[in-house]
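Heads up, the thing below is written out as structure tokens.
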Amino acid sequence: MMNGSNQYALALHGGAGAKLGEDYTIVEAHLSKLTAIGEDMLREGVSAVNVVEKMVSELELSGLYVAGKGSAPNRAGQVELDASIMDGATRQAGAVAVIKDVQSPISVARAVMDHSPSVMLAGDGANAFAAEQGLAAVDDPASYYVLPLGVSKDDVSVRDMYHGTVGAVALDIDGNLAAATSTGGVFGKPEGRVGDTPIIGVGTWADQDIAISCTGTGEYFIRSGGALMIANRFKLAGDTLEEAVWNMLEDVGALGGDGGAIAVSKTGEIAMLFNSDGMKRASISSASPAVSTTFTPCR
Ligand code: ASP
């Protein structure tokens with residue numbers, strides 16, 4: 001399906017756990033560089049689903065975010081990872097939860113989508129599947145994690161305060177949308193804890209009208225309906241894209257959580273909103289020049 005105008009749009013986030021007072025210069029430069037790479041891919045006609053997978057795998061590999069290599073260990077000192085991807089054109093989806101020691105959880109989620117009859121694999125089964133698919137492993141991923149400034153390794157009481165995730169949403173020049181999200185979860189999480197990120201319809205959603213990736217305290221996003229709530233508000237309740245995202249975030253806030261979401265519509269409109277201190281984020285589209293910001297108020 002051509003959208004007739006060669007429109008494209010791409011938005012990335014590096015998590016809504018950004019804290020005032022930290023220096024995100026390197027992260028912002030990285031996000032800007034990645035959006036430029038993503039834009040080239042979209043201009044060349046690469047599909048939205050391939051672009052979001054590439055963007056998220058680069059974010060995971062960079063070690064700059066709480067996803068893939070930069071992930072926070074749980075209370076047992078292990079890194080347990082969650083990721084999901086959805087192709088709006090086909091509504092095929094793949095997800096992994098509580099997977100360990102893989103280089104790119106999003107690529108395992110993509111393989112679940114492409115090469116298994118399941119939508120989600122968790123724990124040992126997800127690791128066995130990744131090995132079967134020949135997907136790369138890493139040794140000791142916890143060694144890459146950089147504690148936030150002023151936080152001690154033993155301080156698990158801040159689990160709701162320090163978190164991060166990465167995500168991407170895209171519209172390709174054929175008019176197709178896709179979304180992908182990957183996380184190491186929240187700092188000091190208990191073993192086996194699963195947040196919103198790998199849950200299709202909560203952390204990630206894409207259909208023919210909208211693509212969404214969420215970040216924040218996952219428990220509250222699950223209780224607020226997350227990404228599918230945004231999609232339904234946009235498609236069925238008459239909210240604008242920004243209203244749909246903001247209304248879901250307000251509900252997260254009312255329950256006691258915080259975070260943000262990025263969304264793109266089939267017309268190439270982008271929303272990147274958060275009710276936390278900041279959200280590492282960047283976007284680019286055929287209609288507007290690149291934007292890359294962390295703390296600039298969003299609304
Ligand atoms: N949503 C993620 C989780 O709860 C964390 C985050 O986005 O910062 O696992």
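The values are calculated or read from the model by the stated rules, or taken from the named source; none is laboratory data. Only a predicted model underlies this, so the values are computations on that prediction, with no experimental measurement involved. Glycine gets a Cβ as well: all are built from the backbone with ideal geometry, and neighbour counts include every protein chain shown.
Just a few scattered comments:
- Flag if Met86 is touching a helix residue (DSSP H, G or I) at 6+ places or on another chain (Cβ under 6 Å) and aliphatic (A, V, I, L, M): no
- Failed item in (1) in contact with a Lys or Arg (Cβ under 6 Å, 6 or more places away or on another chain); (2) in a loop (DSSP other than H, G, I, E, B), with Val27 passing the rest: (2)
- Evaluated against (1) basic (Lys, Arg); (2) in contact (Cβ under 8 Å) with a residue 60 or more places away in the chain; (3) over 24 Å from Val291 (Cα atoms), Arg43 falls short on exactly one condition, (3).
- Members of the stretch 181-232 found to be assigned to a strand (DSSP E or B) and near the ligand (Cβ under 10 Å from one of its atoms), listed by number: Thr181, Ser182, Thr183, Gly184, Gly185, Val186, Ser213, Cys214, Thr215, Gly216
- Contact map, the stretch 47-73: residues that are on the phi < 0 side of the Ramachandran plot and surrounded by 21 or more Cβ atoms within 10 Å (Cβ to Cβ) paired with residues that are assigned to a loop (DSSP other than H, G, I, E, B) and polar (S, T, N, Q), Cβ distance under 7 Å, separation 6+ or inter-chain. Pairs shown: Ala48/Asn176; Ser57/Ser104; Glu60/Ser104.
- Inside the stretch 27-60, residues that are of a type outside the set (S, T, N, Q) and under 14 Å from the mean Cα position of the chain (by Cα) make up a count of 11.
- Scanning the stretch 146-180 for residues that are away from the ligand (no atom under 14 Å from the Cβ) and at pLDDT below 95 yields a total of 11.
- Unique residue being more than 12 Å from Ala179 (Cα to Cα) and assigned to a helix (DSSP H, G or I) when the list is Met113, Met55: Met113
- Tallying residues that are within 26 Å of Ser265 (Cα to Cα) and hydroxyl-bearing (Ser, Thr, Tyr) within the stretch 75-119 yields 3.
- Pairs linking a residue in the stretch 170-194 that is among the basic types (Lys, Arg) to a residue that is near the ligand (Cβ under 9 Å from one of its atoms), with Cβ atoms under 7 Å and 6 or more positions apart or on different chains, are Arg193/Gly185.
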